[in-house]
Every structure is written in C-alpha cells, then in structure tokens.
1. How big is the dipole moment of the chain about its Cα centre under a simple scheme where the beta carbon of each Lys and Arg is +1, that of each Asp and Glu is -1, and everything else is neutral? Debye, nearest 20, please.
2. Give me the Debye-computed log₁₀ of I(q)/I(0) at q = 0.09, 0.15 Å⁻¹ for the range 227-370, equal point scatterers on Cα only, no solvent, two decimals.
3. Along the charge dipole of the chain, pointing to its positive end and built from +1/-1 on Cβ of Lys, Arg, Asp and Glu, which listed residue (331, 321, 6) has its Cα farthest out?
4. Calculate the dipole size of the range 4-244 relative to its Cα centre from +1 charges on Lys and Arg beta carbons and -1 charges on Asp and Glu beta carbons; express the result in debye to the nearest 20.
5. Share of the chain's accessible area from carbon and sulfur, percent, 1.4 Å?
6. Taking the Cα centre as origin and putting +1 on Lys and Arg beta-carbons and -1 on Asp and Glu beta-carbons, what dipole magnitude results for the range 107-168, to the nearest 20 debye?
7. Taking every pair of distinct Cα atoms and averaging 1/r, then inverting, what Kirkwood hydrodynamic radius in Å comes out for the range 4-244?
8. What residue among 213, 294, 161 shows peak mean-square fluctuation when the chain is described by a Gaussian network model with Cα springs under 10 Å?
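The values are calculated or read from the model by the stated rules, or taken from the named source; none is laboratory data. Predicted, not measured: the structure shown is a model, and the values here were computed from it. Here the Cβ is made from the backbone with ideal geometry for all residues, glycine too, and neighbour counts use every protein chain on show. Each accessible area value is taken on the protein alone, full model and side chains, heavy atoms only, with ligands, DNA and RNA left out. Shrake-Rupley method; radii C 1.70, N 1.55, O 1.52, S 1.80 Å.
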Amino acid sequence: MSSFRFIHSADLHLGSPFQGLATKDAAIAELFIEASRKAFSALVDQAVERKIDFFIVAGDVYDGDWKDNKIGLFFNREVARLERAGIPVFLLKGNHDAESVITRTITLPKNVSEFPVNKPGTFRLDHLKVALHGQGFAERSASENLALAYPKPEPGWFNIGVLHTSLTGREPHAPYAPCSIEDLRSRGYNYWALGHVHDFEIVSEDPLIVFPGNLQGRSIREQGAKGAVLVSVEDGHMAYERIITDFARFAELAVEVDPDDNIPAILRRLENTLDTTAEKMEGRPLALRIRLTGKSRFRSELKARADDFRDEVQAACHRCHEDIWLEKLDVRVEPAVNGAAVSVDLLGLGGLLPMGTFSSELVADADARIAEIASRLPSGIGAGDLPLDDDAAALLAEARDLLLARAARA
Ligand SMILES: [Mn+2]
C-alpha cells in the first residue's frame, strides 16, 4: 500500500444563522457570524500547506437552501484553491444540504466529485490505490440504513466509507441513515468518514470510524474546540490528529452563590471563578453562558434588576479577559427565605399566580405556544429539543418570578 494523507471534515453548515450573544455590540456579533467561513478557509490553508492528497466533506456543507449565491460563491472560491494545489475533493450531501433542499447551484471546479444520492457510488484514486464509497441524501430525512448497500471493498486497496449518519442514535441529532458499528465493520473498509454528529468522536479504532465534529461551534449547544481530522496512512498503518479550526468558542460556567452574598459579593465570587475560564479560550473570543445556582436572600433584587445585573456580569467578564462575551446569564437561584410569597400577599396577588408545581394543562398550553414560536424561528434555531433553552415549567417559573419581583418593587 502507498503512503498518503487526507483531511476528513464534515458539517461546515455554511450560511448557518447566528444564535446570538447577550451583547448588542455589532462588531462582536459579526466576529461570531464570520467564524464558520473563516474556519473552513483555515482548513483549506492547512490542506494546501500540508500538501494532503485528498479532502473529504461528509455532509452538510450548507446549512440549508441559499437565500442568494453568496455562500455558493464562497465555497467555490475555497475549493478552487484546493484545485490549484492539485487536491481532489469528495463531497457527500447530508440532511441539511440534501438534493431536494438546495435549489441554487454554482458550478464547482473539476477537482470536486460528489457522491450520488440514489445509490452508493465509488470514486477511485488509482495512483494511491484508494477507493471512496458513499451515498448522499436525496431528501432531508433518510430513514433507511444506507451503509448496508455500500459496495464490497476493493481488494488490496485502502477503502473509505463516507456516510452522513447518527449511527444507532446520538442525541440531539436526528436519527438519519441509522446503522450499527457492526454494519459498518461488515463492509470491510479501512476507514469510515462520518458526518452529522457535531462533536468529535473516535467511534472505533479498528476499523477507524470517526466523527470529526463541525469546524466551528455555532451556539451554546456546540462547546469547546472544533475542527477536522487529518489522517496519515503509511504502508497500511493509520495515524490521525485533529486540526482545530474554530475562530470563536462557546463555554458554560456554573457558579453557586452564597445565601448572604449581596450583588457586589456575587460579582466578586464570579470574577474569582472566571480566572480559570480564560484557559478554555486558547486565544479565541469566548461566548460564555453563566448559570447562577444556590440560594440567595437577594434573589428578587437580582430578578428585578435583571438588565443592569446582566451588564454588571458582562463587566466582570471583561475585568478577567477582554474577549469573554456573555452569551446568556441564567439566574437559577432559589429564595433563601420565602420573601417572594410575602410580597405577593401584600399586593393580594397570591391567589392569581400558581406558586407550587404548575398544572399539567398550563404546562401543555405553554408547550403548544413554544412549539408555535419555534416553528417561526429562522432555520436551525428551533430545531433542538428545547428551542427556548428551557422546558415549559422552567419558563413559566421564570415569568412568575419576574412578575413577582416587579410587583414587590411597585
Ligand atoms: Mn446533518
């Protein structure tokens, strides 16, 4: 067998909507919006610099249908750089850029080969003795086990299966092209280049079955370092390394407050905890979700002054590092004493608001309203299990507490 190197990437999601930061700073928002494209450009730079032999994208190049040709022009420009470097590119359509989903086209350079969507196809690199097998998605959802129909391996060659799948299920990813590790193993290939799951995962070492994850985190659901995988094959022996490509990062931090912490004390406590967060950034801007937990005597003050408090938390982040941006402040503190109930009784609101657990009718009604809102959100945002990041009961509790805190101040 010959020696060669290739890059396995997936889930570029070019054109993905940006899911927001607490900051209203347009320049910072732009930096996060641009990050997905910059991540792909950085990966192309690496491919050219390291003189790899071929490049795989295992589905979801695009996040959805293009609203104009801008994203197609961008992709063409980048893969044309690979063509000028003599690097072939193999594309597979995933659920987000299935044949039926993308209605516009831009002619791509000749180095780009795309797997068929109606049956599995094979591309051969004769000089390397490498065969790539794959089938893309015709429709947004693929419920059949595509892997089982993949062809027999080319004997004596290095065989790669390219597939967009969630295997036997990877929450919260939709269960498309379901298959087991045994199904993949049964094909007798050397490497499985998977896509669809956005976290990096080595599913199996023999054969090597890999999810590279996406190139850039796009929301708080996609935390930590993101990138692709570089695979080196020397006389049949495989080695892999991650190439980290993200330009901005998402992280979460939970801080437990003390019941007697007033607002300045909470901010000091937060600042002390934030010191370790800077390590997660590795030179990148960080979108940080901060969750405050525990009990507090100052809870109603926190709720009533939510906007000012959020800005104070952002300021505390910037005192630790100029590039820590608050993605969301999630205040989950419980009252240290039952202060809220006292103020309710004073105003005579006690009978109007449900104070304990909410009735199932109320939760069902809230769920229906959330589903209605989620369906109107731009593509992708409402697709998760919890489109508004919390379940209906938590959102109802938040609304009730906000009302009570405002009433207490009135
Ligand atoms: Mn996908």
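1. For this selection, approximately 820 debye.
2. Values, matching the q order: -0.46, -0.89.
3. 6
4. On the way: 26 positive and 31 negative charges, 102 e Å.
Roughly 480 debye, rounded to the nearest 20.
5. Ligands and nucleic acids excluded, carbon and sulfur give 50 percent.
6. 120 debye
7. 17.9 Å is the Kirkwood radius here.
8. Fluctuation is largest for 294.
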